[in-house]
Amino acid sequence: MNNRIFNFSAGPAVLPESALKEAQKDLLNYKNCGMSVMEMSHRSKEFSEIITSTENKLRKILNIPDNYYVLFLQGGASLQFSMIPMNLYHDNKPVDVINTGSWTKKAIKELKRIGPFNMVASSEDKNFSYIPSIENLNLNPEASYVYITSNNTIAGTQYQEFPKTGKVPLVADMSSDILSRDLNTGDFGLIYAGAQKNIGPSGVTLVIIREDLIESASEYLPTMLQYKTHAEARSLYNTPPVFSIYMMKLVFEWIENNGGIKGIEALNNEKAGILYDAIDKSDFYYCPVEKDSRSKMNVVFRVVSNNEEFESKFVAEAAKAGLSGLKGHRSVGGLRASIYNAMPLAGIEALVQFMKEFERRNA
Ligand SMILES: *Cc1c(COP(=O)(O)O)cnc(C)c1O
C-alpha cells in the first residue's frame, strides 16, 4: 500500500486507490490535452464529456428515472439546509421533520428562517441513539415536504427503511451514505449529499431532484440559489468544481468495477457485520446505538465504563498502528470508525485485530 494508512475519518474521507491513481496519471496531461482537468475551460469538449459521463454513470448506478435532474452544486451539504426550504417550502404548508441528530438540527436552524415546521418524530430523548419508528407517523398530507437525514454521521444511526410520504415529497440528506446501498430514487422528491464522505473530494454537492420541484420556487430568489438555474444550465451556469466532478466520475467507475450498487452494498454489509460482531462479542467495547438503527457507514463505539483515558489511548495507539481518524465526534466523544464505501475489507480486519490486542493489553 506504499505508505497509505487505513483512514477512518468521517470526512473528507478515504477514496478508492484506483481513482487516486487514475487522477495521478492524468494530472499533468489529461488525455493528451497538454493540461490537467483543473486547468481547462468548463465549456471545453473534454470537460463537457467528463460532466456528462459523470451524470450518466450515476444515473445508471442508481437507476435514476428520467424525470429527475442530477445537479452538481457548491456550498456543501450545509447550503442545502437553506436552499431546500427556499425552493420547496410553500406558504401555510409547514414542513414535517424527523429529527435524528446534529445534522438534522442544523437543517432545522436554517429551515426556521424560511418557514414553520412540525417535528413529527425525534430521537433526541435518548441522545439520538436510534431511528424513530416510521410506522404511525403523524404526517401532514398538506406538508411542503418531509425532511430526514438518512445516515447520522455523528450518532452512528441509519434508516433501514424510509417513511412512506405519499404525494408529499420526501427530502433526504444522504451525505454520509449515498451510494452505499440500493434505493428507489422514485420514492424521494430530493436527495442530496456533500461528496466528501462517500463519493469524491469536497467541493461538490450532489442534488437529485424531481423535475416538478424545480418549478415551484419564487423567481425572486437569488439566481444562484434556485435549483431551476442549475437544472436548466446542466450545472454549468457558472464555473463548477471541475476537479471534484472529475474525481466523482473516477469513483463511479470504481463502483462499476466492483459489482455496481449491489456489489458495494454486499461489501458494506460484510464490513459492518465484521466490526459490529467484534464489538458485540467483546466485554471491553460496546455500541451505544440500538441494534436495528445501526449505521453501516459510521460505527460508533465506546469502551465499557466510558473510560475516556482508555479511549484517548486507543485513538493514539491506533494511529501509530496505521489506523487513523478513530476519535468520536467532539460533540459525543467515544470512538467512531467511518467505514465508507472505499474503506477496504483489509482495513476492517486490521481494526478488529487492533481492537483485540488493545483489549488484551488493557482489560
Ligand atoms: C458532513 C455532513 C454534512 C455537512 O456537509 P458539508 O458539505 O460540510 O456542508 C451534512 N449532513 C450530513 C449527514 C453530513 O454527514
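Quick note: the coordinates plus some simple rules give every number you see, no bench work behind them. Being a predicted model, the structure only gives us computed values, none of them experimental. Note that we place each Cβ from the backbone using ideal geometry, even for glycine, and neighbour counts take in every protein chain shown.
Which residues make up the longest stretch of the chain that has no GluC sites (Glu not before Pro) in a DSSP loop with at most 16 other Cβ atoms within 10 Å?
Segment 1-134 is the longest.
Multiply the residue gap between LEU221 and ASP277 by 0.36 nm, knock off their C-alpha separation, and tell me the result in nm, one decimal place.
15.2 nm
Could you give me D for the range 259-362, from Stokes-Einstein at 37 °C and 0.692 mPa s, where the hydrodynamic radius is the Kirkwood radius over C-alpha pairs? Units µm² s⁻¹, please.
Answer from the Stokes-Einstein relation: 236 µm²/s.
Out of the chymotrypsin sites (Phe, Trp or Tyr not before Pro) in the range 220-317, which ones are loop residues according to DSSP with at most 12 other C-beta atoms within 10 Å?
TYR220
Within the set of other residues whose C-beta is less than 12 Å from the C-beta of LYS164, count the net charge using Lys and Arg as +1 and Asp and Glu as -1.
It works out to a net charge of -2.
Quick one: if the Förster radius is 41 Å, what FRET efficiency do LYS60 and ASN92 give, using the C-beta to C-beta distance and rounding to 0.05?
Efficiency at R0 = 41 Å is approximately 0.55.
Rounded, prolate or oblate: pick one for the range 1-61, where a ≥ b ≥ c are the square roots of the eigenvalues of its C-alpha gyration tensor, a/c under 1.5 means rounded, and failing that, prolate if a/b is larger than b/c, else oblate.
Oblate is the answer for the range 1-61, as a/c is 1.5 or above yet b/c matches or exceeds a/b.
Per residue of the chain, what 222 nm ellipticity follows from adding -39500 (n - 2.57) for every DSSP H run with n ≥ 4, rounded to the nearest 500?
So the helix-based figure for the chain works out to -11500 deg cm²/dmol.
Can you spot the aspartates and glutamates whose alpha carbon is less than 15 Å from LYS105's alpha carbon? Ignore those fewer than 8 places along the same chain.
Counting by Cα, and skipping residues close in sequence, LYS105 has these aspartates and glutamates nearby: ASP96, GLU124, ASP125, ASP173.
Which aspartates and glutamates, if any, have their Cα less than 13 Å from the Cα of LYS327, not counting same-chain residues under 8 positions apart?
GLU308, GLU309, GLU311, GLU317
Among the lysines, select those whose C-alpha is under 22 Å from the C-alpha of LYS112, and discard any that sit fewer than 8 residues away in the same chain.
LYS93
Taking every DSSP beta bridge that has both residues in the range 17-256, what percent is antiparallel when rounded to the nearest 5?
50
Which FRET efficiency, nearest 0.05, do TYR237 and ARG360 yield, Cβ-Cβ r, R0 56 Å?
After rounding, the FRET efficiency stands at 0.45.
If packing is taken as the average number of other Cβ atoms within 10 Å across a peptide's residues, how do 66-77, 192-203 rank, most packed first?
192-203, 66-77
Quick check: convex hull of the Cα atoms in the chain, volume per residue, rounded to a whole Å³?
That works out to 133 Å³ per residue.
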